[in-house]
Each structure stands twice: as structure tokens, then as C-alpha cells.
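Since the structure comes first, as C-alpha cells, the remarks are kept for the end.
Read the figures in this text as sums done on the coordinates, not as results from a lab. Note that the structure is predicted; figures quoted are calculated from it, not measured. Counting neighbours? That spans all protein chains shown, and the Cβs are built from the backbone with ideal geometry, glycine included.
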Amino acid sequence: MLGNHQSRKVAIVGYNRIPFARHNTFYTQASNKDMFTAALNGLIERYHLQGQLIGEVAGGAVIKHSTQLNLTRECVMDSSLDQRTPACDLQQACNTGIETAIYIANKIALGQIDAGIAGGVDSASDAPLVLGEKLRKILLAARRAKTFGQRLTEFSKIRFKDFTPVAPMNMEPGTGLSMGEHTELTAKYYHISREEQDLFALKSHQKLALAYDRGFFDDMLSPYLGLALDNNMRRDTSLEKLAKLKPAFDKQDGSLTAGNSSPLTDGASCLLLASEEWAAERGLPVLAYITFAEVTGIEYLKQKQNLLLAPVYAAADMLKKAELTLQDFDFYEIHEAFAAQVLAILKIWESPELIREFGFSEAFGKIDANKLNVNGSSIATGHPFAATGGRVLATLAKLLAEKGSGRGFLSVCAAGGMGATVILER
Ligand SMILES: CC(=O)SCCNC(=O)CCNC(=O)[C@H](O)C(C)(C)COP(=O)(O)OP(=O)(O)OC[C@H]1O[C@@H](n2cnc3c(N)ncnc32)[C@H](O)[C@@H]1OP(=O)(O)O
């Protein structure tokens, strides 16, 4: 298992993703299956895996149609891998891409498999519309009817309004609030100003643009369906433009806007994980090793501002096991669901008073801002929920490979009050 020194080392040896697209822009005709298969086939081609039997492929999508029961296996069947390669779907909201990597990594560490592919996909443009409960029950009853008359009786109960579809909701069932509404509460509770959020968002776009300019993403499968780069990246944004945007979630008194929130996005990503021996046999260089990972939850039904703050606990547990401090890292990748959520987490880690509310006696301290999300993150790239884990893991692994040695810290928050943290080393 990860973090167990008796187990095998787990290497990230490859990655691929398709460029991410704001919802209802480039990938409106593409399904989860199309996008994940495209990302998979790009990976297979780049690492010459055609026809090979891989230990397992783990994927997932947060938003799935009911017909996509075995989504990842279907993608494998459509790919050029050996058709005997098994696959499974996992889902842990925005942690999905991290959870699939942990799942594959643990199997490699335990010696059950030698190599596997982990990833995720999401399409906000292809979100399923569900029929209302009344119509569903009538249709099922009509299907069970024994006679034509009984069937007609059931159909006669249908009213025109029963055809109104139930729209997909980005909302916590336990609180009735969206992610954005929860994070508005976080911003207010921790006094995160609009100006701080806008500045953070601006930097995300600027850093992503610089990363493209220096060729950091040249290895991405591109173009896919004609899209060569993440189309949410805005080279022309500015503090003045960001300041003009209206609050998106609390129209009266809010500070979260379309500019300082991650947008609804379509995309897919995947990683190739392997034992050192498997990689060496194929001459594949190791980018980085996954050494520790932690997933935790947090109470948020009463303390609604907590929804996206579980990484505070995940980081504490992981650092303790790894016997490291928050400062012992060369790079930090913190998923940007919203600028306010990242800024709140940084503030809590730094503040002796705030960290006490989480049950810790000492603050974790400040991190070097120059090491944080150095190539931009979800505010600029976009956030196709299940695909974000693969993107951040690949980014961190590539940064460590470029540097030649070092240690990276990664954190992703998720709906349901969950958070994941990971350590990569090289
Ligand atoms: C664990 C987790 O990750 S939780 C997070 C899960 N993700 C979410 O909850 C998604 C959050 N985001 C959203 O719901 C949506 O993106 C919203 C509600 C914030 C915004 O939605 P929309 O209003 O459809 O956004 P849209 O892209 O149209 O932008 C609105 C306007 O802001 C402008 N805008 C957005 N970003 C910028 C920017 N950086 N600079 C300048 N203008 C900008 C757009 O151009 C647009 O202007 P227009 O109306 O003149 O065309």
C-alpha cells in the first residue's frame, strides 16, 4: 500500500489529456465515452501500448447517463489495448481522478498488477435530463400492465407538465446549496475579499498562458475535435475586467463570480502508473513516484462554510504519516474549485487561531506562493470534475521530472465534504 515501506514503489510514467473546453463550446457532440477513449488512445499511442494487456484501467465520471454502466470498460473495448484488459468505474465527486490513481497505485504497490491506467472524464454539456418521478412510475406501471385496457388507464394519468425534465443539479442534497453558495459562506467566514479572489484568478490565467508559451503542454494530445488548447484560458483578462463581473451565487452580497470560480467544463485525462520494473523493461522513464495519499471527510451540514475544506484534515494526516511539514515541498498543486476555497485553506493552515477550530494546536505555517500552482490550475484550465485529478497529478509529476528531483504536494477538494492529498517524489 502507498506509504508502506514494505510495498513496491509506484511510478507515474505517462499521462495524457485532451484540451479542456468550457461547457457548451467545443465538445457538445462528444460523450464521456468519446472523450475518455480519445484520451486513452492518445496515451496508448504515445507509450506504444497497442495490443498490450494492462493490469487494469480505472476511470469514472461524476455526471453519467444511466446507460453508461460500465463506462471505462466500454472505452477500453473501443481502444487499441488488448481486449482482455479489465476496467472499473469509480466515483468520488471531484476527487474521482485522484481516487482512481490511488486505487491503481495500491494494486501496483501490493503486487497484484504491474501497470495500470487511471483517469476520469466529465461532460457538463452532456448532462442527462431525467424524467420526473410521476411520469417514471406511470411508464413502469404501463409496462407491467397485462391488458391493453390497463395500459391505457395508466397512460391516461399522464399530464402535459409531467414531461418537464428534472435538470441536473450541482447541489449538496444535505444542504440544498450549490458548491458556489457553500463557498460564498466560506469566503465570508474567513474574510476572503473580492480583490484577493480576483488577483488569484488573474494569476491562474497568466501562469497557464506562460506554461503554454514555454511548451509545457506540447505533449498533450492535440488537437481533439479541432481544439488545440484549453479554451477557458483568457490571455486578455485583467483585474479591471474581473472587477466588473457580477456575483454569481449571492447576487446581493457575494464575491464569487464567473471570473474567480472554475467554470463548468468538458474534458478527459489519464495517467499510466507502473512498478519500476515494468517501466524499466519498456525503457519508460519515471516522472515521479506516488508515495503518500490520504482522503478524508469533514462535517459541513451544520458548518456549511466547511464544504470544500476537508484537505485541511487530509494534509494533516498525510504529513504526519510522511513525517514531513507543509514547508518540505518544491511544488504545491491545489485544485482551484474557487479562488476563495484555495485562499481559505491557505489562511487556515497559516493561522494559529483558525487551525484551532479544526482541532489542531499548532498552525501548519505559510507556503511559498511562488511554488503554488505554477502552471495555473482549474480556474484557468477549467474543471471537468473527474478529469481534474489526472490533470493535477500529471502537472505535478511533469514539474518534478523537469526539475530532476524534489517533492510535490497535491490537494483536491470535493463535493460531499471530502478532500484528497497526495505526495509525489522524485
Ligand atoms: C470540488 C469542486 O471542484 S466544487 C466546484 C464545482 N464546480 C462548480 O461548482 C462550477 C462553478 N461555476 C459555475 O457554476 C459557472 O461557471 C458560473 C455560475 C460561475 C458562471 O457561469 P456563466 O455565467 O455561464 O459563466 P460564463 O462563462 O458565461 O461567464 C459569465 C461572464 O463572465 C465573463 N468572464 C468569465 N471569466 C472571465 C475572466 N476571467 N475575465 C473576464 N471576463 C470573464 C464571461 O466572458 C461572461 O461574459 P459575457 O456574459 O459578457 O459573455
From Cα pairs below 8 angstrom and at least 6 apart in sequence, can you work out the relative contact order of segment 1-145, rounded to a whole percent?
31
Sparsely packed trypsin sites (Lys or Arg not before Pro) within segment 335-374, loop by DSSP, other Cβ within 10 Å at most 13
Lys366
Pick from Ala322, Ala337, Ala279: which is most flexible by mean-square fluctuation in a GNM of the chain where alpha carbon atoms under 10 Å apart are linked?
Ala322
I need to check one value: relative contact order of segment 79-220, counting alpha carbon pairs closer than 8 Å and at least 6 residues apart, in percent.
14
Distance from a point 7 Å along Cα→Cβ of Arg136 to each backbone N in segment 63-82: keep the residues under 17 Å and list them by number.
63-69
Before rounding to the nearest 500, sum -39500 (n - 2.57) across all DSSP H runs of length at least 4 in the chain and divide by the residue total; then give [θ] at 222 nm in deg cm²/dmol.
-10500 deg cm²/dmol
Subtract the Cα-Cα distance of Thr153 and Glu299 from 0.36 nm times their separation in residues, and report this length gain in nm to one decimal.
47.8 nm
A student applying the Cα gyration tensor rule (rounded when a/c is under 1.5; otherwise prolate if a/b is larger than b/c, oblate if not) would label the chain oblate
Where GluC sites (Glu not before Pro) fall in DSSP loop in segment 316-389, at most 15 other Cβ within 10 Å:
Glu323, Glu357, Glu362
Per the rule of 0.36 nm per residue minus the C-alpha distance, extending Val166 to Glu362 adds in nm 65.9 nm
Out of the DSSP beta bridges found with both residues in the chain, what percent are antiparallel (nearest 5)?
75
Rounded to one decimal in nm, the spacing of the 7 Å Cα→Cβ label points at Asn4 and Glu277 is 1.7
With contacts defined as alpha carbon pairs under 8 Å and 6 or more residues apart, what's the relative contact order of the chain in percent?
26
Can you tell me how much longer the chain between Asp82 and Glu240 gets when fully stretched, taken as 0.36 nm per residue apart minus their C-alpha distance, in nm with one decimal?
51.6 nm
